[in-house]
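K.L.:
My structure is below; once you've seen it, I'll send some questions.
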Amino acid sequence: MIRAIAWKECKRTWRDGRFRWTAGVVLCLFFTSLLVGFHAYSRRAQAIKQQTEAQRQQWLHKRAVNAHVAAHAGTTLFRPLNSLVPLDPGVDDYLGASVYLEPHRRNQFAHSPAGSVSLEAQSGELTAAVTLQTFLPLLIVLLTFSAFAGEREQGTLAHVLSVGVKPSHLLVGKAIGITVPLLVVIVPAMVAGVAFSSIRESGVDTARIVMLVAGYLSYLFILTGIGLFVSIRSKSSTRALTFLLGFWLVTSFAAPRLAFAIAERYAPAPTPKEFTERLAQAGTGDGRNFGTQRAEIERRLLAQYGVQAATDLPLSTWGMTLYEREVESTKAYNNEFARLFDCYARQQQLVDWVSIAFPPLALRTLSMAMAGTDVAHFRHFAEAAEEYRYAMVQRMNWVAVESRLYNSSPTFADGPDQPAFPQGEELAYASVEPFSYQTPGGWWAISGAKVPAFTLLVWVGGTVMAVRWALRRIEVQ
Amino acid sequence: MTTLRYEWRILRATNVPWLVAVIGIVASALAIAEGLIETRERQRGFDEAAREQQTVIENLRREVVRNEQSRDSAGIPRSRLLPGTTSPAAVQSRLTNFTAALPPLPTAVLSQGLSGILPQRYQHRSGERFTPFERTADNRLMDGLFPERSADNPSGALMGDFDLAFIAVYIYPLLILILTYNVVSADRESGTLALISAQPLSLKRWLAARLLIRATFFALTILFPPVMAAAVASGSLDSLVRLAIWLAAVSAYSAFWFFLAGYVSSRASGPAFSATVLACLWLALVIVVPAAIHLSEWLFSIDESQLAYVSLERAASLEINPRVDAAGTALRGLLRLHPSLQRKPGVHEDDPWFVELLELPVESALLTDLIEHDSRWSMKMSGEQLSRALVEARRIHYEKRLASVLTALTNLEKRRDRVIQAAQFASPALLLKGVIDEVAGTGIYRWKDFIGQMDNYIREQNAFFTQKVLDRQNVYSTDFKVLAPFVYREEPINSLLTRIALPFSALVLFPALSIHFMRARY
């Protein structure tokens, strides 16, 4: 019986012009956005690779009067793109594309693509993820709203039930009949999405892909369930459609903005001015000036090495002061950035809890986490970049320490006591390894998206229970 | 009038208008509250920046006046002593360490626009050696400018602001559709349309009355209250004009949705069908078309060009900074060899040592560029002039080095903007968003104007101090007529009107075309 109902529903859905049109448009949008996204991703990834190499060459072949000045010449790191970016770019466009690494300060990322976007194009994005998260639900609404309500209006529901068809069989048959044509849309989309993402990089994380597909399929299941529930409970198909359209619009468009507006009030991030001031404060360390600190270090080193004069020290007091000040300023900067990222995390936590009421929001969070395009992944990269900056600067400072530079001068302006680069300038630069970054694994991403994953799971269970409850109270008239 | 009265009775008998009104009022109130908080925060940032700069200038001026009034043991005014606290370099280093902020307009509450993405405050630090250059709107480079970058959560930026612009562009059409989607189709389905057709009342007038009563209800309960509140709060004539434009633009946009809903409802077989079609149209015009336009940005490869620019800027920096460093070292050596080039305490401007010039054998290539660029400079300079010349030479070298890549990038952006600006006419939502951002003063044009004015201010200040150095003069109290704090000059309202004339006309054209289409087909 279920098979017969499912087959009939499948045929009805397939013949329905609304389905064909809407499915065609959704697929068209999906593939267009995927192709464009993939093309843009490939081009940007190529540009990042080129510029990263250019930066490395600049670093290796520059000339500086001493190692600390060489560190000041610095280098720029370009944020690499995750291979799943074409599927879901997430916050990628709103993050700076590069960060300038230099001594004494940890800079913010700059040159975000969103900052260079023209005004007219600020109104929204068309991505593969947006197509699946926003447009596919509309298709499901159109398929489900009249499943029971329409039959009830036409009087066929009473007839079908009177010939002995169990409501549960009718429900399962209708659900299959709706889902199969939907899968015809979703499966090629998913396969294409994963295939595109794997073309450039072979090491796409399986756990991420599985979780991503599971998330979207759960969402499909939830929406189908909600559509059928509303259709069972509504007196007319018009009422069912109105409710479902309202649900779609509120949960997909209004709720995410409102949730973040509330989150930003719940855990306010510092204003640009406040954050700049905090960073400036971090840069000044404990307020001791360079000369005072250098004198303290000199006294300590003189005692440690048992010599009378700074010129007898095997180390540069100037370099040592730079080294120690970098330790202090880095700690202070890292504290400030940690506070900022913790603030984002608190905002996200609130949004995660709000998303329990709005499954599209949970899906969006899960999708970005699995694609590696959420703020948590950015924090992971930003911290890796900072570790690299610190290692680079301190390596150069240590070269300055070993050079015994300026030990004879309280003003460090008299010229070196030893060559500025005892082992040679090029070797000093080459001793700083090129930056390499490994995106965290899938389980790391999943552990950070537990609440949205759990939310979707709860909604799947809740939908099943709600539909079963509605079936027991089904009204034929 | 009778028809209108009956229609009002029918409408208010249902819960729908009250539900729409409550949703509209609550959403608008939340958005206004959000806008007020943001605007107040920005205003505070602007006030602090203006106050700080004013204080610095006032303190400097007092110091200069004090120096002018007091004399040393030889009877020479201290203001003419060298080196003094009022030398061009000393004054500039204090004066040009300031923060420039773009003030929010009172109408900023209408839309947060790009204020969350584009920096609204810039710190200028003179003498910063390792400053990455920021591009200006007209393709020039600015030295020493550090933007205060947003520290907001990028996830929030991705979702978008919950401001009045969002409510007007996204939510108002939905509320209108809820009010209007079944304006004819419900009667057709229930069979009452045939009954109405039998009455001595034309269907056109009947439909017009139905739409009019809904539009009036919508305007009175949802559209006017936020404007009235903003008008009372703002007060100035400029703000009232801006609010009037906002009201006219949103009214035209709302009218378009009323007519569209009326037309679709009159053609649909039932309310379910008209609701479906209208939801799809909303999706297409408000979401898909703007998103598709966004998608077309990839054609222009702006991101890749920007990445290349960052690398080239670094290369230029690596090339020029060691040369400036080397020149500085050579200069220090020269000053040791020729003490007469230095200023000494107790010497005043007219002392002959100060005007003694020397053919300086340092970094002639760097300085040649400067001399070619600015005829005021020659190869004969005092020590102070040489220091200044190196700073100027560094800037000119940067500009020259990056000119081609900047021109290419700017041309690319201009081409992109032309295409995108033409494409915006495909969606009334985009047109309205553009007009609202302009009216609220949170759009791209005002920001670019701010950057341009800031750039001009810094260049004027630089030119002033350079001239002082060339003239071998200190700064005097009379100079403070020129040394005013940076104040953003608001563009005249006429410029705004000229700029938004086209998108606004197109916005008005949408409902006009809808009426024409309806009259032809109904």
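K.L.:
Within region A:221-246, work out how many residues are surrounded by fewer than 20 Cβ atoms within 10 Å (Cβ to Cβ) and either at positive phi or in contact with a helix residue (DSSP H, G or I) (Cβ under 7 Å, 6 or more places away or on another chain) (or both).
P.N.:
4
K.L.:
Quick one: is A:Thr321 within 14 Å of chain B (Cβ to nearest Cβ) and either buried (at least 21 other Cβ atoms within 10 Å of the Cβ) or of a type in the set (Val, Ile, Thr) (or both)?
P.N.:
For A:Thr321, the condition - within 14 Å of chain B (Cβ to nearest Cβ) and either buried (at least 21 other Cβ atoms within 10 Å of the Cβ) or of a type in the set (Val, Ile, Thr) (or both) - is not met.
K.L.:
Among the listed residues A:Leu35, A:Leu27, A:Leu95, which satisfies the condition of being at the interface with chain B (Cβ under 8 Å from one of its Cβ atoms) and either surrounded by fewer than 23 Cβ atoms within 10 Å (Cβ to Cβ) or touching a residue at least 24 places away in the same chain (Cβ under 8 Å) (or both)?
P.N.:
A:Leu95
K.L.:
Moving to a separate point now. Report yes if some residue within region A:98-119 is touching a Cys at 6+ places or on another chain (Cβ under 9 Å) and either within 10 Å of chain B (Cβ to nearest Cβ) or aromatic (Phe, Trp, Tyr) (or both); otherwise report no.
P.N.:
For region A:98-119, residues touching a Cys at 6+ places or on another chain (Cβ under 9 Å) and either within 10 Å of chain B (Cβ to nearest Cβ) or aromatic (Phe, Trp, Tyr) (or both): absent.
K.L.:
Quickly run through region B:276-305 and pick out the residues that are touching a helix residue (DSSP H, G or I) at 6+ places or on another chain (Cβ under 6 Å), more than 30 Å from A:Asp16 (Cβ to Cβ) and within 8 Å of another protein chain (Cβ to nearest Cβ).
P.N.:
Hits for region B:276-305 are B:Ile293, B:His294, B:Glu297, B:Trp298, B:Ile302, B:Asp303, B:Glu304.
K.L.:
Has region A:262-273 got any residue that is farther than 17 Å from A:Phe337 by Cα and surrounded by fewer than 16 Cβ atoms within 10 Å (Cβ to Cβ)?
P.N.:
Yes, that holds for at least one residue.
K.L.:
Among residues belonging to region B:159-205 that are assigned to a loop (DSSP other than H, G, I, E, B) and free of Cβ contacts under 8 Å to residues at least 60 places away in the same chain, point out the one that is surrounded by the fewest Cβ atoms within 10 Å (Cβ to Cβ).
P.N.:
Looking at residues that are assigned to a loop (DSSP other than H, G, I, E, B) and free of Cβ contacts under 8 Å to residues at least 60 places away in the same chain, I get B:Pro200.
K.L.:
Could you check region B:367-418 and list, in sequence order, the residues that are surrounded by fewer than 19 Cβ atoms within 10 Å (Cβ to Cβ), among the small types (Gly, Ala, Ser), in a helix (DSSP H, G or I) and at pLDDT 80 or above?
P.N.:
B:Ala403, B:Ser404, B:Ala408
K.L.:
May I pose another question? If I go through region A:220-264 residue by residue, how many of them are more than 21 Å from A:Gln133 (Cα to Cα) and of a type in the set (Val, Ile, Thr)?
P.N.:
Final tally of qualifying residues: 3.
K.L.:
Away from every other protein chain (no Cβ under 14 Å) and either modelled with pLDDT under 90 or not in a loop (DSSP other than H, G, I, E, B) (or both): is that true of A:Phe243 in this structure?
P.N.:
no
K.L.:
Can you tell me which residue among A:Ala45, A:Ala40 is more than 7 Å from chain B (Cβ to nearest Cβ), out of contact with any Cys (no Cβ under 8 Å at 6 or more places or on another chain) and assigned to a helix (DSSP H, G or I)?
P.N.:
A:Ala45
K.L.:
Looking only at region B:470-482, decide whether some residue is buried (at least 19 other Cβ atoms within 10 Å of the Cβ) and touching a Phe, Trp or Tyr at 6+ places or on another chain (Cβ under 6 Å).
P.N.:
No, because not a single residue in region B:470-482 is buried (at least 19 other Cβ atoms within 10 Å of the Cβ) and touching a Phe, Trp or Tyr at 6+ places or on another chain (Cβ under 6 Å).
K.L.:
When you scan region B:147-204, how many residues do you find that are within 29 Å of A:Asp352 (Cβ to Cβ) and acidic (Asp, Glu)?
P.N.:
Summing the residues that are within 29 Å of A:Asp352 (Cβ to Cβ) and acidic (Asp, Glu) in region B:147-204 gives 3.
K.L.:
Based on this model, can you work out whether B:Val169 counts as touching a helix residue (DSSP H, G or I) at 6+ places or on another chain (Cβ under 7 Å) and under 18 Å from B:Pro226 (Cα atoms)?
P.N.:
yes
K.L.:
If the requirement is being farther than 17 Å from B:Asn321 by Cβ, facing chain B (nearest Cβ under 10 Å) and touching a residue at least 12 places away in the same chain (Cβ under 8 Å), which of these qualifies: A:Gln55, A:Gln51?
P.N.:
Sole residue among the options that is farther than 17 Å from B:Asn321 by Cβ, facing chain B (nearest Cβ under 10 Å) and touching a residue at least 12 places away in the same chain (Cβ under 8 Å): A:Gln51.
K.L.:
Got a number for residues in region A:352-369 being within 15 Å of A:Val130 (Cβ to Cβ) and of a type outside the set (Val, Ile, Thr)?
P.N.:
So the count comes out to 7.
K.L.:
Which numbered condition trips up A:Val130, out of (1) in contact with a strand residue (DSSP E or B) (Cβ under 8 Å, 6 or more places away or on another chain); (2) at pLDDT 85 or above; (3) within 27 Å of A:Leu35 (Cβ to Cβ)?
P.N.:
(1)
K.L.:
Yes or no: region B:268-275 includes at least one residue that is closer than 28 Å to B:Val419 by Cα, part of a helix (DSSP H, G or I) and within 14 Å of chain A (Cβ to nearest Cβ).
P.N.:
The answer is no; no qualifying residue exists.
K.L.:
State yes or no: is B:Arg242 among the charged types (D, E, K, R), part of a helix (DSSP H, G or I) and more than 14 Å from every other protein chain (Cβ to nearest Cβ)?
P.N.:
The answer is yes for B:Arg242.
K.L.:
Among the listed residues A:Ala259, A:Ala295, A:Ala214, A:Ala207, which satisfies the condition of being buried (at least 17 other Cβ atoms within 10 Å of the Cβ), small (Gly, Ala, Ser) and in a helix (DSSP H, G or I)?
P.N.:
A:Ala259
K.L.:
Okay, moving on. Looking at region B:406-441, which of the residues that are of a type in the set (S, T, N, Q) and more than 10 Å from chain A (Cβ to nearest Cβ) is farthest from B:Ala249 (Cα to Cα)?
P.N.:
B:Thr407
Yes or no, residue by residue, for (1) more than 20 Å from the chain's Cα centre (by Cα); (2) within 13 Å of chain B (Cβ to nearest Cβ):
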residue	(1), (2)
A:Leu217	yes, no
A:Ala263	no, yes
A:Pro270	yes, yes
A:Phe275	yes, yes
A:Ala282	yes, no
A:Glu296	yes, no
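K.L.:
Being touching a residue at least 24 places away in the same chain (Cβ under 8 Å) and touching a Phe, Trp or Tyr at 6+ places or on another chain (Cβ under 9 Å) is the requirement here; does A:Leu60 meet it?
P.N.:
yes
K.L.:
Next question, about the same structure. Mind listing just one residue for me: the one in region A:71-89 that is at pLDDT 90 or above and facing chain B (nearest Cβ under 7 Å) and, of those, nearest to A:Asn397 (Cα to Cα)?
P.N.:
Filtering region A:71-89 for residues that are at pLDDT 90 or above and facing chain B (nearest Cβ under 7 Å), the one nearest to A:Asn397 (Cα to Cα) comes out as A:Thr76.
K.L.:
Looking at A:Ala4, is it assigned to a helix (DSSP H, G or I) and surrounded by fewer than 18 Cβ atoms within 10 Å (Cβ to Cβ)?
P.N.:
yes
K.L.:
What's the total number of residues in region A:141-168 that are touching a residue at least 40 places away in the same chain (Cβ under 8 Å), surrounded by 16 or more Cβ atoms within 10 Å (Cβ to Cβ) and part of a helix (DSSP H, G or I)?
P.N.:
Within region A:141-168, residues that are touching a residue at least 40 places away in the same chain (Cβ under 8 Å), surrounded by 16 or more Cβ atoms within 10 Å (Cβ to Cβ) and part of a helix (DSSP H, G or I) number 10.
K.L.:
What about B:Ala209, is it in a helix (DSSP H, G or I), at pLDDT 85 or above and within 30 Å of B:Leu497 (Cα to Cα)?
P.N.:
Judged against the criteria, B:Ala209 is not a match.
K.L.:
Answer yes if at least one residue in region B:322-331 is modelled with pLDDT under 70 and either on the phi > 0 side of the Ramachandran plot or not in a strand (DSSP E or B) (or both), and no otherwise.
P.N.:
yes
K.L.:
Follow-up. Being within 14 Å of another protein chain (Cβ to nearest Cβ), within 28 Å of the chain's Cα centre (by Cα) and free of Cβ contacts under 8 Å to residues at least 40 places away in the same chain is the requirement here; does A:Ala345 meet it?
P.N.:
Against the criterion (within 14 Å of another protein chain (Cβ to nearest Cβ), within 28 Å of the chain's Cα centre (by Cα) and free of Cβ contacts under 8 Å to residues at least 40 places away in the same chain), A:Ala345 qualifies.
The values are calculated or read from the model by the stated rules, or taken from the named source; none is laboratory data. Because the structure is predicted, anything quoted here is derived from the model rather than measured. We place every Cβ from the backbone using ideal geometry, glycine too, and count neighbours over all the protein chains shown.
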